[in-house]
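Below: the structure, in structure tokens.
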Amino acid sequence: MGKNGAFASLRGLDAFGKTLDPYRVRTTSGALLSLASLFLILTLTLAEFASYRRIAEDVALEVDRSRGEKLAVKIDVTFPRVPCYLLSLDIMDISGEHQDDVHAEVSRNRIDAMGKRIDGKQSA
């Protein structure tokens, strides 16, 4: 492309203008430095990309020291055709500890055929 091509106006924006040929000095040490720099840049770029692509596994084992604490669980289940006295709540945690027929804070409310509460009384 000639000097008056589409990119000719961009040449004025060149921050690193070229020196004239009589002032250029090409040396072997400059060539070696350029090649070493290029090699270092490529090596670091490839190493960084390989590190980016590598999957890092972080395996950790932690002991749960809060085993004595209880976890608050709130559920709302409706059994429209089962009498309250037949219902009970049995709990088993992940360690295999069983708690049968839990009554601590279980409330049972009578409902009618439409699923509405019959009265404010709670049956235990």
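Restricting region 25-62 to residues that are of a type in the set (A, V, I, L, M, F, W, C) and within 23 Å of the chain's Cα centre (by Cα) leaves a set whose member that is nearest to residue 97 (Cα to Cα) is 61.
Just one of the listed residues (90, 64) is among the acidic types (Asp, Glu) and in contact with an Asp or Glu (Cβ under 7 Å, 6 or more places away or on another chain), namely 90. Just the residues that are among the acidic types (Asp, Glu), loosely packed, with under 10 Cβ neighbours inside 10 Å and either under 19 Å from residue 107 (Cβ atoms) or modelled with pLDDT under 80 (or both), please, taken from region 40-93. If the condition is that a residue be among the acidic types (Asp, Glu), loosely packed, with under 10 Cβ neighbours inside 10 Å and either under 19 Å from residue 107 (Cβ atoms) or modelled with pLDDT under 80 (or both), then 64, 69, 76, 90 are the ones that fit. Residues being at pLDDT below 75 and in a loop (DSSP other than H, G, I, E, B) are represented in region 17-39 by at least one member.
The values are calculated or read from the model by the stated rules, or taken from the named source; none is laboratory data. Because the structure is a prediction, the values reported are computed rather than measured. With ideal geometry, Cβ positions are generated from the backbone for all residues, glycine too; neighbour counts draw on all protein chains shown.
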